[in-house]
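Okay, structure first, notes after.
Just so it is clear, none of the values below were taken in a lab; they were calculated from the coordinates. Remember, predicted model here, so these are calculated numbers, not experimental data. Positions of Cβ are backbone-derived with ideal geometry, glycine not excepted, and every protein chain shown enters the neighbour counts.
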Amino acid sequence: MQREKSDQLFKIAKECMPGGVSSPVRAFKAVGMDPLFIQRGQGARIYDVDGNEFIDYVGSFGPLILGHSHPEVVKAIREAAQNGTSYGAPCEKELELAQMICSAIPSIEKIRFVNSGTEATMSAIRLARAYTGRSKIVKFEGCYHGHADSFLIKAGSGLLTSGVPNSAGVLEEQARNTLVARYNDLESVEKIFREEGRDIAAVIVEPVAGNMGLVLPDPDFLKGLRKITSYSGSLLIFDEVITGFRICYGGFQDFAGITPDLTTLGKIIGGGLPVGAYGGRKDIMSRVAPEGDVYQAGTLSGNPLAMAAGVATLKILQDRDWYDRLEVITYMLATRLKTVFEEHGFFYTINRIGSMFSVFFTESEVKTYEDVLKCDTAKYAQFYRHLLEEGVYFPPSQFEVCFVSCAHEMEDIEATVQAVARALDKMA
Ligand code: PMP
C-alpha cells in the first residue's frame, strides 16, 4: 500500500496539532500505525491521498448511515449554502428537523439543537440537575458520552483504547459527582441507589453500548434502569448519539419499548455535518433557557446546513425498508465472517445489532466491560493492519464499532469477507 503522502502530511500535522489529529482515535495509535489522510468518500468507499481505495466500515464513526456523499444530502447542503451558511436566527429547516425528530421519537416532546454529542449530553446533565435539584449522576463503565468533565470517568472510546480511565484536568470535586456502575449489572446500580439515591439527578446510559466495541443490553437491564430511576425520582437519559435512527427510525427506545425522560442525539441527525440535540418531556425541557432557568446556547446551533443535511437524511430513512435492508446485509456479513474466523481457527466473538457490529478477539462472549477488557487488542491491531492492506477500513481500535451503510452492496460484503479471509491467512 502506497502511503507516502499520508506520512508526509502526518509529519507536518504533528508539528501544529496535538498528535497530528483533531480527535485521538484518528491517530491510529491503538493499531500501531500512523493514520491515513482521506481525500474523498463516495458511497461505501473512501479514498486516501495516496490513491488507495477502501470499503469503509467507520462511516465517520456513525453519522453516515446513507454512505458518503449521498446525492440527496449533498444537494440539500448545496441548496442551503446558496442561501447563506449561518444566520444566528431561527430558520425553517431547524423547525422541520425538530418536528421530524419529535414525531419519530415520541418521548422527545421538545428538542434543543447543539453542535455535538458532547454538548448534548453535557447540557442534558445540567438540565437533569436543575430539574431534580440533585447533584450526582450515574454512568456506566465503558460507556462514552463525550468529553465533558462529568463523563471522563472510566469512559470508553479513545480513553478505553489508550488505557487511561480518567483525564488530567478533571477536578476531583467534579469526578466525585459521577458514580460509575457496571453495564448489564442492575445490582451495581441498585447498590449505588441504596447508598446515594436521594442525591442522584440522572442515570445516563448508551442503550446499546457502542464505545467499548458493541455490547448489547441484557433484556431486563434497561427496563430495570427505568424502574429504579422512576422509583427514586431520578431521570433516565438515553444517550442515543449513536443509536438514534441507526437501529430503527424511532431510536433504540422504540425498539426496546422503554421511554426515557431525556434523550441525547447526534451523528445521523446531522447527515454528516456537526450536530447534536437533546430533548424529552415537555415539563423538563421547559426549564431550558429562554423558557426556563437552565442556560444553554450556541452561535452555530440549528445551523442551516446541518439542519438541511439532517432533514434530507431522515427523509430517506422514513422509508423503513432501508432498515430491513441494513439488517439483512449486516446479518449476512456477520454470518459469513463467523465462518471465516472458524475456518481459520481463531477465537473470536462477533456482536451485532442492526447495522452495527464488532469483531472481538476473545475466547468468551462479550456482555460486560470486564469481558471487553479480556480481548486481545494486539491481535486486533495485527488484524486491522492486514485488513487495511486488503482494502477494508475497520475502526482503528478494538473498542469502536463497525457501521454498515445503505450504500454497502452485496459485492462489498463479498469483497470484505474475502479480504478478512486473506488478512487471517496472513496472521495464521
Ligand atoms: N455519546 C455517544 C454515545 C457517543 O458515541 C459520542 C461520540 N462518539 C458522544 C456522545 C459524543 O459525541 P461528539 O463526538 O459528537 O461530541
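Taking the Cα centre of the range 71-317 as the origin, how large is its charge dipole in debye, to the nearest 20, when only Lys and Arg (+1) and Asp and Glu (-1) carry charge on their Cβ atoms?
Details: 25 positive and 27 negative charges, 20 e Å.
Value, rounded to 20: 100 debye.
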For this session: For A202, enumerate residues with amide H under 5 Å from its amide H, sequence gap 5+ or separate chain, H modeled in the peptide plane.
Result: V138, L235
For this session: Consider just the alpha-carbon atoms of the chain and return their Rg together with their Dmax, both in angstrom.
Result: 21.0, 62
Exercise. Roughly speaking, what is the stretch gain from K374 to N83, that is 0.36 nm per residue apart minus the C-alpha to C-alpha distance, in nm to one decimal?
Worked result: 99.5 nm
Seminar exercise, completed: With Cα springs under 10 Å, the Gaussian network model of the chain assigns the largest mean-square fluctuation among A44, A27, A98 to A27
For this session: Would you mind checking the range 344-385 for residues with the amide N under 16 Å from a putative spin-label position 7 Å along Cα→C-beta of E409?
Result: none
For this session: In whole Hz, with x marking every Gly and Pro, tabulate ³J(HN,Hα) for the range 104-116 from phi via Karplus 6.51 cos²θ - 1.76 cosθ + 1.60, θ = phi - 60°.
Result: 6, 10, x, 5, 8, 8, 9, 9, 10, 8, 10, 10, 7
Seminar exercise, completed: Summed over the other residues with a beta carbon less than 10 angstrom from that of Q398, with K and R at +1 and D and E at -1, the charge totals -1
Exercise. What whole number of Å gives the distance from the Cα centroid of the range 38-68 to the Cα centroid of the range 290-314?
Worked result: 26 Å
Seminar exercise, completed: Karplus-derived 3J(HN,Hα) from phi for the range 403-420 (6.51 cos²θ - 1.76 cosθ + 1.60, θ = phi - 60°), whole Hz, x at Gly and Pro, runs 10, 9, 10, 5, 7, 6, 9, 4, 5, 5, 4, 4, 4, 5, 4, 5, 5, 4
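Which whole-number percent is the relative contact order of the chain (Cα, under 8 Å, 6+ apart)? Each step should come with its number before you reach the end.
Numbers: 861 pairs, mean separation 96.1, N = 428.
Relative contact order, the chain: 22 percent.
With charges only on Cβ, +1 for K and R and -1 for D and E, what is the dipole size of the chain about its Cα centre, in debye, rounded to 20?
Numbers: 44 positive and 54 negative charges, 162 e Å.
Using Cβ point charges on Lys, Arg, Asp and Glu, the chain gives about 780 debye.
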Seminar exercise, completed: Between L66 and residues 5 or more places away or on another chain, the pairs with built amide H atoms under 5 Å apart involve C406
For this session: Tally the DSSP beta bridges in the chain and give the antiparallel ones as a percent, rounded to 5.
Result: 60 percent
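Taking R0 as 60 Å, what's the FRET efficiency between Q42 and Q174 from their Cβ-Cβ distance, rounded to 0.05? It would help to have the intermediate numbers written out before the result.
Numbers: r = 43 Å, r/R0 = 0.72.
So, using R0 = 60 Å, E works out to roughly 0.90.
Restricting to bridges with both residues inside the range 71-317, how much of the DSSP beta-bridge set is antiparallel, in percent to the nearest 5?
45 percent
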Exercise. Which of M122, M100, M17 moves most in a GNM of the chain, Cα contacts under 10 Å?
Worked result: M17
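Take each of the peptides 311-322, 268-279, average the number of other beta-carbon atoms within 10 Å over its residues, and list them starting from the highest.
Top of the packing list down: 268-279, 311-322.
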Problem set entry | Karplus 3J(HN,Hα) series, Hz, for the range 173-187 with 6.51 cos²θ - 1.76 cosθ + 1.60 (x for Gly, Pro) | 4, 6, 4, 5, 8, 10, 9, 10, 10, 9, 4, 6, 10, 5, 4
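Mean shadow of the range 71-317, computed from the convex hull of its alpha carbons, in nm²? Each step should come with its number before you reach the end.
Values: hull surface 51.7 nm².
Projected over every direction and averaged, the Cα hull of the range 71-317 covers 12.9 nm².
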Exercise. Given H placed 1.01 Å from N in the peptide plane, which residues other than close sequence neighbours of N351 have an amide H under 5 Å from its amide H?
Worked result: S358, F360
Problem set entry | Inter-label distance, nm, simple model (7 Å from Cα along the C-beta direction), S364/R198 | 3.8 nm
